[in-house]
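Reading through the structure tokens given below for one structure.
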Amino acid sequence: GTLTVGGLAEKLEKDTSEIIKKLMTLGIMATKNQDIDEDSIELICEEYGVEVEQEVEVDENDLDLYIAEDKPEDLVERPAVVTIMGHVDHGKTTLLDSIRDTKVTAGEAGGITQHIGAYQIEDKGKKITFLDTPGHAAFTSMRSRGAKVTDIAILVVAADDGVMPQTVEAINHAKAAEVPIIIAVNKMDKEGANPDRVMQELTEHELVPEDWGGETIFVQLSAIKREGIDDLVEMIQLVSEVEELKANPNRNASGTVIEAQLDKGRGSVATLLVQNGTLNVGDPIVVGNTFGRVRAMVNDLGRRVKTAGPSTPVEVTGLNEVPQAGDQFTVFDDEKKARQVGEARQQKQIEEKRGDKVRVSLDDLFEQIKQGEVKDINLILKADVQGSAEALAASLEKIEVEGVKVRIIHTGVGAITESDVILASASNAIVIGFNVRPDVNAKKAAESEKVDVRLHRIIYKVIEEIESAMKGMLDPEF
Ligand code: GDP
């Protein structure tokens, strides 16, 4: 770019007259608003002992934090990243605690466990990473932001309570993300424990135990008595072997923010999950729309570390702002580039906020089908009673218009909730309410996530609307 004499003075924080005088000593006569060439800029800067920074080339790939694929021969095994989901009070938090307590203490005496949003255990020489914010809200909000961090989902179901609404939600979240599910039948110590009932109920959701000819792994345990934890860990190792989880430790790190906050003393503090490469202290880094240089890293035992390889969670300081959970990060070779990419991403985000996200909506569904942007229509169905939800789902799933099909990714009974809308946003789905309405938070979320929510009272009207939208015959809504 070009720079005027006045502009240069401003950058150097000097008076314009002083710069004009300096230029004169170099034999250049210039006025305040005149452009000066690069050589002169460099000479002046040299006089003040200031280094000139060349513009670094930043392209679209950098802005997307694009990561070139690894060659197969560079890939090595990496630990699985596990999320624990399930209905409230079924024992997610207790299970996370007991896994950590039974598996971490042994080899790591002296370490003080630190809550950084994720922790690692070691079992028979192999590590496993657990995200320790239980529940599927975190899981899905990350996915809606484009982050895929979970390799395996543990679904906790209390043996005395069975499958509950949030169990079903969790199943659908995990299925939509195509993540393998291991069932932890918890609270086996309780008097009313009935694991057969749990298995029976889960079979209705296509989670059939191996004993019954299916493929789903069930582990019976008592999180509170710490019984069955070894079995669960063994099964996680088994599944992760089947999944062949790999990464290349010998490259710049990239991954996802697990959590982040502002700390009074330390500034922006973020837990990063390294998903590929190795993160080092001192690395220039872009995280979401912010950037910086990794100043210090602390692991889940509160120890300072200098490097963090694939699947390792570390808490880092040194970012100039607080990123958001689910933000992607990438290390750049060059600090200038990291800064410019960070700034450009910030700018881009501001512009995108003005524009609109591309989302499926019934109004332009036909256009999107024609353009090949939509192959399946994802629907989330909420109804007042189970019977209508099932009837509606069965009818909708029969719809097919020129190869485009309807996929029901979640059904439930009750008002449309924020969780439904977030799932819709993550899966690019439309929400249909049958004799139910969205609650306040769901309404807000639908607005900000631009999710199409349709409300109906008559079954055939729902079918008609979807069919017409797919055929491009929908009456415009006023
Ligand atoms: P979350 O809401 O899924 O995180 O559930 P919590 O871990 O907070 O557990 C809910 C309640 O169930 C707590 O009172 C726990 O002490 C209890 N709990 C968890 N696991 C077990 C278990 O294995 N056996 C029994 N009897 N109680 C359990």
Helical mean residue ellipticity (222 nm; -39500 (n - 2.57) per DSSP H run of 4+; nearest 500) of the chain: -10000 deg cm²/dmol
So if I place +1 on the C-beta of Lys and Arg and -1 on the C-beta of Asp and Glu, and nothing else carries charge, what would the dipole magnitude of the stretch 206-260 be about its Cα centre? I want it in debye, nearest 20. 400
How large is the translational diffusion coefficient of the stretch 1-128 in µm² per second when you combine the Kirkwood radius over alpha carbon pairs with Stokes-Einstein at 20 °C and 1.002 mPa s? 100
5 angstrom amide H check on residue 208, placed H, neighbours 5+ away: 215, 216
Of the DSSP beta bridges with both residues in the chain, give the percent that are antiparallel, rounding to the nearest 5. 55
Pairwise centroid distance, computed over Cα atoms, of the stretch 1-25 with the stretch 220-272, Å: 53
To check my understanding: the extent here is largest minus smallest coordinate of the Cα atoms along each principal axis. What are those three numbers for the chain, in Å, largest first? 91, 67, 44
Charge dipole of the stretch 235-389 built from unit charges on the beta carbon (Lys, Arg +1; Asp, Glu -1), centred at mean Cα; most positive-end Cα among 301, 239, 282 is 282
Provide the solvent-accessible area of residue 201, counting protein heavy atoms only and rolling a 1.4 Å probe, rounded to the nearest 10 Å². 40
Nothing charged except the Cβ atoms of Lys and Arg (+1) and of Asp and Glu (-1): what's the magnitude of the dipole of the chain about its Cα centre? Round to the nearest 20 debye. 1020
Under 5 Å between amide H atoms, partner at least 5 residues away or on a different chain: which partners does residue 408 have, H built in plane at 1.01 Å? 379
Per-residue HN-Hα couplings for the stretch 234-244, Karplus 6.51 cos²θ - 1.76 cosθ + 1.60 at θ = phi - 60°, whole Hz, x for Gly and Pro? 4, 5, 4, 4, 4, 5, 5, 5, 4, 6, 6
Using alpha-carbon positions, the gyration tensor of the stretch 188-235 gives root eigenvalues a ≥ b ≥ c; with a/c under 1.5 called rounded, otherwise prolate if a/b exceeds b/c, else oblate, the class is oblate
Check which residues have an amide H placed less than 5 Å from residue 432's amide H, if you skip close sequence neighbours. 380, 381, 382, 454
Given a 1.4 angstrom probe, I'd like the percentage of the accessible area of the stretch 150-233 that is carbon and sulfur, rounded to a whole number. 40
Give me the distance between the Cα centres of the stretch 142-200 and the stretch 398-460, rounded to whole Å. 22
Please work out the average accessible area per residue across the chain, using the 1.4 Å probe convention, and give it in Å². 51
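The values are calculated or read from the model by the stated rules, or taken from the named source; none is laboratory data. These numbers were taken from a predicted model, which means no experiment stands behind them. Neighbour counts run over all protein chains shown; Cβ positions are idealised from the backbone, glycine included. When the accessible area is computed, the model is the full protein with side chains, heavy atoms only, and any ligands, DNA or RNA have been set aside. Shrake-Rupley method; radii C 1.70, N 1.55, O 1.52, S 1.80 Å.
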